Structure formats: C-alpha cells, structure tokens
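Asker: Please see the structure below; I have some questions.
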Amino acid sequence: VVGVHQPRASADMGEDKSGDIHIPFSTFQKAFNSINEVHWFSITGQDGVEVSRIEADTKRLMAHRHKVHPDDPLAFGSWNMQEMFSMMNALFIAINVLSWIVGILTLAAGIIGISNIML
C-alpha cells in the first residue's frame with residue numbers, strides 16, 4: 001500500500017466511489033500489457049483558467065504528437081465538468097423561472113377570483 005486517501009463526495013452521477021482503486025501507472029501497464037498505451041487521463045486546471053481552452057489546447061497538442069488531423073472530432077474524446085455544471089445550472093435557473101411564473105399566475109388568478117366575489 002502506497003497511501004490511503006479519504007473518500008469524498010463526488011459529482012459522478014451517483015456512482016459509488018468506494019470500489020475504486022488507484023495504482024501507479026507503471027503497475028497498470030505491466031498488469032494489463034499496455035506498455036506504450038494511455039487510454040484515459042485527467043487534467044485539472046488552475047483557478048481562473050478557462051477549462052474549454054485547456055481542453056482545446058490539449059487536443060491540439062495530442063493531434064500534433066500523434067499525427068492526427070486537428071479537426072477530427074472522433075480522434076480524442078473528452079468530458080468537460082464545466083460544461084456539465086453549466087447545463088445543470090441552466091436547468092435549475094429554468095426551474096426557478098418556471099416556479100416564479102406559476103406563482104405569479106396563481107396570485108393573479110386569486111386576485112381575479114376575489115375581485116369577482118367582491119363585485
């Protein structure tokens with residue numbers, strides 16, 4: 001055992017992280033016979049740096065190094081947490097706006113109903 005880390009909450013769509021293990025990359029290469037292959041890696045940007053720019057720069061660098069056309073969208077896959085956060089944020093803003101609209105229309109219907117009763 002090289003080290004132990006504490007479990008933490010994650011935004012991985014409800015996946016249980018208690019079954020994950022972390023091993024050195026060299027051990028992975030030997031165990032799974034992938035000496036010169038990397039199938040997946042993670043990049044984290046510093047605060048204040050736009051993640052989409054890091055993503056584009058990384059794809060451009062990988063395309064150059066592996067002699068792939070830079071405009072090929074299927075050459076390298078990616079998953080951007082910032083984009084997922086923006087989508088979820090937009091969803092909750094839309095729900096909030098819808099709640100306000102329903103509330104205002106309910107109040108207006110109540111005002112009209114009470115006005116009719118008073119007439």
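Asker: Can you sort V68, V49 by how many other beta carbons sit within 10 Å, fewest first? Walk me through the numbers on the way to the answer.
Answerer: Details: V68 14, V49 9.
By the 10 Å Cβ count, ascending: V49, V68.
Asker: Also: So between I54 and F85, what do we pick up on full extension, going 0.36 nm a residue minus the alpha carbon distance?
Answerer: Working: separation 31, 0.36 × 31 = 11.16 nm, distance 1.66 nm.
Result: 9.5 nm gained on full extension.
Asker: Hey, another quick one. Please give the contour-minus-distance gain from S34 to I111: 0.36 nm per residue of separation, less the Cα-Cα distance, rounded to one decimal in nm. Please report the intermediate quantities before stating the final value.
Answerer: Details: separation 77, 0.36 × 77 = 27.72 nm, distance 7.09 nm.
The span from S34 to I111 would gain 20.6 nm if fully extended.
Asker: Further, regarding this structure: Report the per residue volume, in Å³, of the convex hull enclosing the C-alpha atoms of segment 19-119.
Answerer: Numbers: hull volume 21.2 nm³, N = 101.
So the per-residue hull volume is 210 Å³.
Asker: On average over all directions, what projected area in square nanometres does segment 80-119 have, based on the convex hull of its Cα atoms?
Answerer: On the way: hull surface 8.1 nm².
Computed as one quarter of the Cα hull surface, the answer is 2.0 nm².
Asker: Still on this structure, I have one more. Out of the GluC sites (Glu not before Pro) in segment 49-111, which ones are loop residues according to DSSP with at most 15 other C-beta atoms within 10 Å?
Answerer: Counting only loop positions with at most 15 other Cβ atoms within 10 Å, the GluC sites (Glu not before Pro) in segment 49-111 are E50.
Asker: Can you tell me the FRET efficiency between M118 and V97 if r is taken as the Cβ-Cβ distance and R0 is 30 Å, rounded to the nearest 0.05? Mind dumping the intermediate values first?
Answerer: On the way: r = 32 Å, r/R0 = 1.06.
In this case the efficiency is close to 0.40.
Since every read-out is calculated from the coordinates, none of them should be taken as a lab result. Note that this is a predicted model, so its numbers are computed, not measured. Reconstructed Cβ throughout: ideal geometry from the backbone, glycine too, with neighbour counts over all protein chains shown.
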